[in-house]
1. So what is the accessible area of chain A per residue, in Å², with the probe set to 1.4 Å?
2. Nearest 10 degrees, 0 to 90: what angle lies between the long axis of helix B:144-156 and the longest principal axis of chain B (Cα atoms)?
3. Taking the Cα centre of each part, how many Å lie between the range B:212-269 and the range B:127-154?
4. Please list, by residue number, every one of the chymotrypsin sites (Phe, Trp or Tyr not before Pro) in the range A:24-85 that is coil in DSSP and has at most 14 other beta-carbon atoms within 10 Å.
5. Just how far, in whole angstrom, is the range B:297-333 from the range A:58-84 if you go by their alpha carbon centroids?
6. Of B:Gly47, B:Tyr21, B:Gly320, whose Cα points farthest to the positive end of the dipole of the protein assembly as shown (charges on the beta-carbon: +1 Lys, Arg; -1 Asp, Glu; origin at the Cα centre)?
7. What's the long-distance tail for the range B:237-378, i.e. % of Cα pairs beyond 22 Å?
8. Nothing charged except the Cβ atoms of Lys and Arg (+1) and of Asp and Glu (-1): what's the magnitude of the dipole of the range B:12-231 about its Cα centre? Round to the nearest 20 debye.
Amino acid sequence: MAHVVPTEIPDAPPAPEQQRRGLAGYLLLTPGSLWLAVFFIVPTVSLVATSLYDPSGSLEFGYQMTGHVQNYPHAIAEYWDPIVRSLQYALIATVACMILGYPLAYAIAFKAGRYKTILLVAVIAPFFTSFLVRTLAWQYLLGDNEWVVTFLRWLPFTGAELQLINTPVAVVAGLTYNFLPFFVLPLYASLEKIDHRLLEAAGDLYASPFRGFLKVTLPLSMPGVVAGTLLTFIPAAGDYINDELLGSPKTRMVGNEIQSLFYAGDYPTASALSVALMVTIVLLVAVYVWRAGTDELV
Amino acid sequence: MAEPVTAGSEDLVLAGLTKKYGDFAAVDALDLTVPSGSFFALLGPSGCGKTTTLRMVAGLEVPTAGTVTLAGEDITRLKPYRRPVNTVFQSYALFPHLTIRDNVAFGPRRKGVSKREAAAEVNRMLDLVELGEYAGRKPAQLSGGQQQRVALARALINHPQVLLLDEPLGALDLKLRRQMQLELKRIQIDVGLTFIHVTHDQEEAMTMADTVAVMNQGRIEQMGAPEELYDLPRTTFVANFLGRSNLVAGSVTGTAGEEVSVQLDGGTVTAPVERAATAEGKVWVGVRPEKVHLKPAGDPAGGRGNELRDAVVSDVSFAGVSTEYVVRLPSGQELMVFEQNHTSQRRLHSGDRVDLTWAPEHTFLLDAAQDASAGTQFDDE
Ligand SMILES: Nc1ncnc2c1ncn2[C@@H]1O[C@H](COP(=O)(O)OP(=O)(O)O)[C@@H](O)[C@H]1O
Ligand SMILES: [Mg+2]
């Protein structure tokens, strides 16, 4: 989809605003740039620096900057499983968000009529309570003696020892639940913008409603799908709350390991793991956006 | 011109077609036969139901009542994607994510034509609308006129039995519009398909169409060849909407042979009986401004049959090829008179006393029950 990443446009008129970036532009950029410099660039540089400290130091006696690159292979080898698991869980949760979220966003954008606003508020409503509290509620909801598990155990094809809490299913379910609005909202915005007359034109040109969806609605909603998957996948891959509350030692994600390492005072390994995760995600996202920028994705 | 309607012909027939929104009938029991292969214009002011009519033919709107029959087959309930009908939308509705080539190939591809076969046809169509070199661009990179032609090619490539054009030139500036009118006409003759062209521009309808149907408030007021409609309007709405007309109140005094006599405020005029929409009681006596001739008051020479005496020129405006006069009758009513600018002829001035004269065969009579100003309020569109 060319409108995700603008590819070069032959004979496009030159952008007229080029010469108009005067003082006002810089002034408008200043607060944001300062904010980013103080709260993003400085911590990132410090994080990268910490990842190169001598690991034999400690919080009490201080760390030495020795450019200890081996922190990286060490951290990656040690925590390979949680890294892979995080990416897997995030991927499954993102796909689940897509499966649940696309029909939802589609229905809100095209079928909800006057209930549109109410439904949008319902999508946003969970944000009125804290992330932590909602995940705690899920911990309770998926507990062994609650009705969800009781009901599932009652079904003929499930065993009596079926469990949800402390399993990967619970973690992925929690991730899906928590990040669903981040998928639905950008997708809704994208769908909402689609000119309904385009679908009439598709119908007029012999496309059945389903073909019209595949050939017109879906491609035009791709910017929303891409934005939604990024907003879901990236935070889900680094999340540790869901695993902390719904998972078990066997389901630990990289976020949990980083948190533990920081608590344990192993700053160099924790930092190396953080940077490794960050680089991995950036690379994955770059490949994804690049692929989404070509027509092959749809 | 339209061929005579025969049974089993390819014509599009709308019968009793009605679309109601609540109590309001946007299209009201409309009957219309569009001859196959003709360039047919549906002309009417904004809001009269033209788009709704087209949408019912295209299948985008379900009629409240009535039927749509194409080539003898009832297609009233057929889904749009199953109708041999294509539309050029007023907004063009080009697919922004597809190239011009893929936009034009959209119809054939959905009908299962292979990519390679479609490509050849697409090139032919783009050549027809002179856009061959733009095939690889996206719609947003074309001008309005070019987008309009893409929309046309995208519809034409399907060889629909009927092509519907909803104010296709409405978004273009005047010069481009005139140029596209000629081009559309050329293409229609080229491909020989039935075009139904919706417009609120009477000049556009008259220059392009073989047959014009004048629509007002969800109904067809009158239908015919442009020159027929102009020469002999049958309602006050048509008289005013299609060009301009002078309408003077009168009452019929009698019919002698082929002539109807009408008593007016300033005298008696006659009209051929076949030009009378009604031949008794109160009528509107109608005549087009360019059919009326002015002569000095009381001058017995130069009369053309019908005369109104003792009028005064109240306004003169010079318009190049002609001079447009506003003339006040003794009754106070003002009429328009357009005189060709022949050098031999004396220019008249405001305040000059004149007689108006015109030929009986240019006179038409309309039902006085109709509003004499119907159709005038749309002049500026
Ligand atoms: N979906 C609708 N709901 C209610 N009224 C409508 C709807 N569509 C059209 N109308 C009304 O029907 C009339 C005819 O509309 P339209 O066919 O678009 O006119 P035109 O194309 O001649 O300008 C208008 O008065 C318009 O307001
Ligand atoms: Mg319209």
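The values are calculated or read from the model by the stated rules, or taken from the named source; none is laboratory data. Predicted, not measured: the structure shown is a model, and the values here were computed from it. As a convention, Cβ positions derive from the backbone with ideal geometry for all residues, glycine included, and neighbour counts pool all protein chains shown. Side chains included, ligands, DNA and RNA excluded: accessible areas come from the protein's heavy atoms. Shrake-Rupley method; radii C 1.70, N 1.55, O 1.52, S 1.80 Å.
1. For chain A, the solvent-accessible area averages 57 Å² per residue.
2. 70 degrees
3. 43 Å
4. Qualifying residues, ordered by number: A:Phe61.
5. Comparing the Cα centres of the range A:58-84 and the range B:297-333, I get a distance of 103 Å.
6. Value computed over the given set: B:Tyr21.
7. So the pairs more than 22 Å apart make up 36 percent of the total in the range B:237-378.
8. In total the dipole reaches around 1220 debye.
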